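The values are calculated or read from the model by the stated rules, or taken from the named source; none is laboratory data. Values in this document were obtained by computation on a predicted structure and should not be read as measured data. In this analysis, Cβ positions are derived from the backbone assuming ideal geometry, glycine residues included, and neighbour counts consider all displayed protein chains.
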């Protein structure tokens, strides 16, 4: 304390105040993330659409080495952009087309990574650099984990509500009664099977006895089938003879009929031998078809109805001009 000997109290208070203010300033700058508050580095500006969790003091990394930190964040352009100011304490030359990429760290931390451009022109203090967002593994993990956590929370809430519902509570209370009822039913089934066992045993024994005797009945069955086959052959022989006799008689009668037709005897013979008769029959059939077709298309021509003379007259005129009725095509109608 000899260095303060002879100093006035006012001087000592002034020195203490200056030291306190210096420590306060250094501490404040340290909290702002400045590595060396006494040394001012270069300041650059970056405009981001989203801060992605950035905060004052976020490190700026290049090749794994910390070269600066984020010193300011504020909304601009009516909140459509975020202005981020960074301070680079390194003497590293930064091309004007360089980018500051926001990357996520494990457990949600953020860092700003400097991606140097290829331009031969370098940025100066106060220039604006480009913004970029990294889609690294940690970001993907966070994007996938957050929806899963939300779904798990929703599932647990649903399960909790389900188990607390009145229906589940009632079912849990009735479960012992259901188990007792099921046990009673099984006991009854067991008793029923026990009582039915003798009958089932007898049935199986009878089936086995029948299978044993079936072999002894085989010879008798073969004999019966042989007798049926023999009788059937005899019946076939009798029927065949009668059928042959009938067929012979029918063939003779058919030959006589065909002979009569060939000689022109009878109606079929005249029709086969007389072309004029066939033509007259065909002509009559054609005329009859025409009249029937005309009657179908113009019925008012043939049925006189009072007060329909004009309609009847029109039907007669239309019938005369109808080639479908009186022409050659009417033959097939």
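Restricting attention to region 293-333, which residues are in a loop (DSSP other than H, G, I, E, B), at pLDDT 75 or above and farther than 23 Å from residue 282 by Cβ?
Result: 298, single match.
Give region 68-86 a look and list any residue that's under 11 Å from residue 46 (Cα atoms) and surrounded by 17 or more Cβ atoms within 10 Å (Cβ to Cβ), or say none.
70, 82, 84, 86
Before we move on, is residue 233 in a helix (DSSP H, G or I) and at pLDDT 70 or above?
no
Would a scan of region 207-222 turn up a residue that is modelled with pLDDT of 80 or more, loosely packed, with under 10 Cβ neighbours inside 10 Å and farther than 30 Å from residue 89 by Cα?
No, region 207-222 contains no residue that is modelled with pLDDT of 80 or more, loosely packed, with under 10 Cβ neighbours inside 10 Å and farther than 30 Å from residue 89 by Cα.
Which residues, taken from region 83-108, are under 44 Å from the mean Cα position of the chain (by Cα) and in contact (Cβ under 8 Å) with a residue 12 or more places away in the chain? First the steps, then the outcome.
In the first step, residues of region 83-108 are kept if they are under 44 Å from the mean Cα position of the chain (by Cα); the result is 101-108.
Result: 101, 102, 103, 104, 105, 106, 108.
Is one or more of the residues making up region 24-34 at pLDDT 80 or above and surrounded by 10 or more Cβ atoms within 10 Å (Cβ to Cβ)?
To start, the set of residues in region 24-34 that are at pLDDT 80 or above comprises 24.
Still in the running and surrounded by 10 or more Cβ atoms within 10 Å (Cβ to Cβ): 24.
There is at least one residue in region 24-34 that is at pLDDT 80 or above and surrounded by 10 or more Cβ atoms within 10 Å (Cβ to Cβ).
Is it the case, given these coordinates, that residue 97 is in the same structural domain as residue 45 (by TED's automatic domain parsing), closer than 13 Å to residue 128 by Cβ and in a loop (DSSP other than H, G, I, E, B)?
Values: in the same structural domain as residue 45 (by TED's automatic domain parsing): yes; closer than 13 Å to residue 128 by Cβ: yes; in a loop (DSSP other than H, G, I, E, B): yes.
Yes; evaluated as a whole, the condition is true for this residue.
Quick test of your reading of the structure: residue 137 fulfils all but one of (1) within 30 Å of residue 45 (Cβ to Cβ); (2) at pLDDT 80 or above. Name the failing condition by number.
Answer for residue 137: the failing condition is (2).
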